[in-house]
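What follows is a short report on a single structure.
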Amino acid sequence: MPVPPHPLTELLTPYLRALAKTSPAVARQFLGAAEEAEATPDDLADPIGDAAHSPLPGLVHRYPDRVLLLPTMACASHCRFCFRRDRVGARGMTDDQLDAALAYVAARPAIREVILSGGDPLTLPQARLSALLARLDGIESVETVRIHTRLAVHDPARALRVAQGLAPERRAALWIALHVNHADELTAETRAAIKALHGAGAFLVSQTVLLAGVNDDAETLRTLFRALVRLGVKPYYLHHPDRAAGTEHFRVPLAKGRALAETLRGTLSGLAQPTYVLDIPGGHGKVWATDAYVTAAPDGSWTARAIDGSRHAYPADADAEVAVPETK
Ligand SMILES: *Cc1c(COP(=O)(O)O)cnc(C)c1O
Ligand code: SF4
């Protein structure tokens, strides 16, 4: 049964609206499109299965050494391909829920890393963000705090102010994973925000979603990853797009993504090389999208092996075209 796509309001900062006028890649990611109303049989309501591993509201505990904490579901702009589109813009955690989540972490010393995600954690009011980071810093067993954010792309001036407001001293390491999909997003303003995040003592990595019509060719990806390395940001993950309803027009066939990743391996420094990953639907976790974990059957369907050894069918792509364009 196709899941009716969840509507996502069009939301762009004035900065991004201006950038969309000159960059087709930015326009495609942020301007609403008619295709979003289309559902396909392969769509999933909870494409990455967060619900299956959520012991408390706002907390996802899927791996033994780290948890995902979702303090806010707000983002400064709405990406049209968002796989959390059913939740983006919804209410964030209440103070009581946050207290409970931090108590859960403090009671489990095996949790070494807390990953703030959402929504975009850097859109929290500065005092609330600082208080949360200070509380996490106070939990001795937490060695690393990681923040997943797209604010440096959505609203770089605001990201710069947030960076300048971060406490310069902390016990736990602070890693920031910037979500960037195209080199057009690395404007002078965004580069200034990245510099300010480094200035605040954060280590930076990036994550990119592979998106049809935005970055699904080798040259676009190489240009992006090289630009990130030049800015001191290590490309971390290249995500295969999740099967959220309303995002069909952004989907890239898995075979094409794998061929692209292979092309990059041969033509790009290891420093600029992200790991191509697939989130196995149903909450079975992220795995490398290579043959080590994901294998093809003759009929074009896929089998993904989760970390626990279990095997899961991954639907064949309707469009099985695999040719890798060097450029669009
Ligand atoms: C993606 C994800 C993480 C982080 O995984 P890494 O491979 O360490 O980046 C943690 N928890 C959940 C629930 C996730 O989906
Ligand atoms: S930044 Fe992430 S969570 Fe926010 S709208 Fe974009 S894809 Fe969705």
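Does residue 256 meet the test of being under 28 Å from residue 152 (Cα atoms) and among the charged types (D, E, K, R)? For residue 256, the condition - under 28 Å from residue 152 (Cα atoms) and among the charged types (D, E, K, R) - is not met. Counting only residues that are buried (at least 18 other Cβ atoms within 10 Å of the Cβ) and closer than 16 Å to residue 250 by Cβ, which one in the stretch 4-19 is farthest from the chain's Cα centre (by Cα)? Only one residue tops the list, namely 5.
Of the residues making up the stretch 28-39, those that are in a helix (DSSP H, G or I) and surrounded by fewer than 18 Cβ atoms within 10 Å (Cβ to Cβ) are 34, 35, 37. Residues in the stretch 51-91 that are of a type in the set (Phe, Trp, Tyr) and either more than 13 Å from ligand 2 (Cβ to nearest atom) or at pLDDT below 90 (or both): 63, 83.
Working only within the stretch 236-246, note down all residues that are part of a loop (DSSP other than H, G, I, E, B), under 15 Å from the mean Cα position of the chain (by Cα) and not acidic (Asp, Glu). Full working, then the answer.
So the first thing to find is which residues in the stretch 236-246 are part of a loop (DSSP other than H, G, I, E, B), and the list is 240-243, 245-246.
From what is left, the residues that are under 15 Å from the mean Cα position of the chain (by Cα) are 240-243.
Of everything in the stretch 236-246, those that are part of a loop (DSSP other than H, G, I, E, B), under 15 Å from the mean Cα position of the chain (by Cα) and not acidic (Asp, Glu) turn out to be 240, 241, 243.
Note on the stretch 259-299: residues that are touching a residue at least 24 places away in the same chain (Cβ under 8 Å), in a loop (DSSP other than H, G, I, E, B) and either more than 29 Å from residue 227 (Cα to Cα) or within 16 Å of ligand 2 (Cβ to nearest atom) (or both) amount to 4. Can you name the residue in the stretch 311-324 that is under 15 Å from residue 278 (Cα atoms) and outside any strand (DSSP E or B) and is also modelled with the lowest pLDDT among such residues? Here the residue is 317.
Yes/no per residue for (1) of a type in the set (Val, Ile, Thr); (2) crowded, with 18+ Cβ neighbours inside 10 Å; (3) in contact with an Asp or Glu (Cβ under 7 Å, 6 or more places away or on another chain):
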{"residue": "130", "(1), (2), (3)": "no, no, no"}
{"residue": "154", "(1), (2), (3)": "no, yes, no"}
{"residue": "180", "(1), (2), (3)": "yes, yes, no"}
{"residue": "189", "(1), (2), (3)": "no, no, no"}
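Looking only at residues of the stretch 126-178 that are β-branched (Val, Ile, Thr) and within 16 Å of ligand 1 (Cβ to nearest atom), we find that the one that is farthest from the chain's Cα centre (by Cα) is 142. Among the residues of the stretch 58-78, just one is in a loop (DSSP other than H, G, I, E, B), in contact with a strand residue (DSSP E or B) (Cβ under 8 Å, 6 or more places away or on another chain) and touching a residue at least 60 places away in the same chain (Cβ under 8 Å), namely 71. Output yes when any residue across the stretch 246-255 is surrounded by fewer than 18 Cβ atoms within 10 Å (Cβ to Cβ), away from ligand 1 (no atom under 16 Å from the Cβ) and free of Cβ contacts under 8 Å to residues at least 24 places away in the same chain, and no when none is. Within the stretch 246-255, none of the residues are surrounded by fewer than 18 Cβ atoms within 10 Å (Cβ to Cβ), away from ligand 1 (no atom under 16 Å from the Cβ) and free of Cβ contacts under 8 Å to residues at least 24 places away in the same chain. Any chance the stretch 101-122 includes a residue that's touching a Gly at 6+ places or on another chain (Cβ under 7 Å), at pLDDT 95 or above and either of a type outside the set (Val, Ile, Thr) or within 16 Å of ligand 2 (Cβ to nearest atom) (or both)? Yes, that holds for at least one residue.
Beta carbons closer than 8 Å, at least 6 apart along the sequence or on distinct chains, pair a first residue in the stretch 219-236 that is on the phi > 0 side of the Ramachandran plot with a second that is part of a helix (DSSP H, G or I) for 232/194; 232/198.
Yes/no per residue for (1) modelled with pLDDT under 95; (2) over 21 Å from residue 234 (Cβ atoms); (3) part of a strand (DSSP E or B):
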site	(1), (2), (3)
128	no, yes, no
132	no, yes, no
141	no, yes, no
148	no, no, yes
153	no, no, no
176	no, no, yes
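Of all residues in the stretch 93-124, how many are in a helix (DSSP H, G or I), away from ligand 1 (no atom under 16 Å from the Cβ) and of a type in the set (Gly, Ala, Ser)? Outline the logic, then answer.
Initially, the stretch 93-124 is screened for residues in a helix (DSSP H, G or I), giving 95-106, 121-123.
If we keep only those that are away from ligand 1 (no atom under 16 Å from the Cβ) as well, we get 95-100, 102-103, 106, 122-123.
From the residues that got through so far, the ones that are of a type in the set (Gly, Ala, Ser) too are 100, 103, 106.
The number of residues fulfilling the criteria is 3.
The values are calculated or read from the model by the stated rules, or taken from the named source; none is laboratory data. Being a predicted model, the structure only gives us computed values, none of them experimental. So basically every Cβ, Gly included, is an ideal-geometry build from the backbone, and we count neighbours across all protein chains shown.
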